[in-house]
Amino acid sequence: MEESLRVEFQQCGCELLEKLLPRIVLLAKREEDVSGLIALASRKRLRICPTGTGTSFPANYEPPAEMIFLLTLGLNQLVEVRQLDSAVIVGAGMVVRELSARLEDTTLSLPPALAEYRGTIGGAMLSSDFTGTRLAEIRRRLLGVELIDPKGRLLKFGGPTIKNVAGYDFWTFLTGTRGRFGVLTRLILNLENMPAIGPGVPVTLGSSVTEAASRWIYSNLEKKLDPEGIFVR
């Protein structure tokens with residue numbers, strides 16, 4: 001790695017995990033660090049792959065050249081537990097089992113399909129899901145998100161109460177997209193008791209969205225949100 005690039009990583013606030021070289025693995029602890037890294041990637045024509053713990057990659061995965069793996073484990077703050085609203089605001093880098101432990105002293109708990117996930121809460125939302133149950137559970141509980149887009153802007157969608165998310169909640173389309181449209185920094189989840197999801201849950205965007213429509217939506221999101229292809233998998 002060029003020494004100048006190493007210095008620029010430090011200047012943007014990200015920690016370079018030397019023990020994982022030659023792959024470039026960075027750890028961000030603040031949203032400002034992520035914004036700085038995205039600006040650097042745009043200038044240097046680098047590509048970023050956001051990930052939580054990195055456990056979702058298959059053993060034979062070969063990353064594209066000049067790929068930066070950005071670990072979000074540093075974004076692990078439990079921002080707020082709103083028991084009256086049955087909602088929680090949490091950093092995307094918090095490991096699911098840690099969030100479950102933090103909720104033990106409250107009246108709220110994670111549904112089983114979500115609590116079983118071994119990675120981060122952000123990874124639970126963005127990673128692929130063979131059965132579709134976990135993503136379906138998140139999709140119906142997702143009240144809002146915060147993410148940093150390919151221009152380094154912090155975008156906020158939705159809010160902690162149902163009235164904040166009336167209408168078309170486009171952010172639910174981010175579920176299962178594996179970080180293709182930005183770096184997820186926070187989630188707002190509804191943790192009220194709901195009927196369990198039965199078998200045969202669709203693995204696409206929703207029961208009323210066909211696979212062709214899903215591809216069309218994703219294609220247009222990429223053109224609008226990440227035309228330079230900074231975020232790839």
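The values are calculated or read from the model by the stated rules, or taken from the named source; none is laboratory data. Everything quoted here is computed from the prediction, not taken from an experiment. Because the Cβ atoms are built from the backbone with ideal geometry, glycine has one as well, and the counts that use them run over all protein chains shown.
Of the residues that sit in the stretch 86-125 and are among the hydroxyl-bearing types (Ser, Thr, Tyr) and within 18 Å of residue 51 (Cβ to Cβ), which one is surrounded by the most Cβ atoms within 10 Å (Cβ to Cβ)?
The extreme case among them is 120.
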- Message: Can you find a residue that is surrounded by fewer than 18 Cβ atoms within 10 Å (Cβ to Cβ) and among the polar types (S, T, N, Q) anywhere in the stretch 22-36?
- Response: no
- Note on the structure: Exception for residue 88 within (1) under 19 Å from residue 152 (Cα atoms); (2) at pLDDT 95 or above falls at (1)
- Query: Only one of (1) of a type in the set (Lys, Arg); (2) surrounded by fewer than 23 Cβ atoms within 10 Å (Cβ to Cβ); (3) farther than 30 Å from residue 43 by Cβ fails for residue 134. Which number is that?
  - Reply: (2)
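Using the structure shown, decide if residue 48 is under 17 Å from residue 147 (Cβ atoms), of a type in the set (A, V, I, L, M) and either assigned by TED's automatic domain parsing to the domain that holds residue 188 or part of a helix (DSSP H, G or I) (or both). Reasoning before the result, please.
On the way: under 17 Å from residue 147 (Cβ atoms): yes; of a type in the set (A, V, I, L, M): yes; either assigned by TED's automatic domain parsing to the domain that holds residue 188 or part of a helix (DSSP H, G or I) (or both): no.
Judged against the criteria, residue 48 is not a match.
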- Message: Of the conditions (1) in a loop (DSSP other than H, G, I, E, B); (2) at pLDDT 85 or above; (3) within 17 Å of the chain's Cα centre (by Cα), residue 57 satisfies every one except a single condition; which number is it?
- Response: (2)
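Looking at the structure I just gave you, is residue 80 exposed (fewer than 14 other Cβ atoms within 10 Å of the Cβ) and at pLDDT below 90? Break it down stepwise before answering.
Working: exposed (fewer than 14 other Cβ atoms within 10 Å of the Cβ): yes; at pLDDT below 90: no.
Considered against the rule, which asks whether it is exposed (fewer than 14 other Cβ atoms within 10 Å of the Cβ) and at pLDDT below 90, residue 80 comes out as no.
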- Query: residue 55: closer than 22 Å to residue 17 by Cβ and surrounded by 14 or more Cβ atoms within 10 Å (Cβ to Cβ), yes or no?
  - Reply: no
- If we keep only residues of the stretch 1-21 that are in contact with a helix residue (DSSP H, G or I) (Cβ under 7 Å, 6 or more places away or on another chain) and closer than 20 Å to residue 185 by Cα, then the residue surrounded by the most Cβ atoms within 10 Å (Cβ to Cβ) is 14
- Name the residues in the stretch 63-89 that are polar (S, T, N, Q) and either at positive phi or not in a loop (DSSP other than H, G, I, E, B) (or both), would you? 86
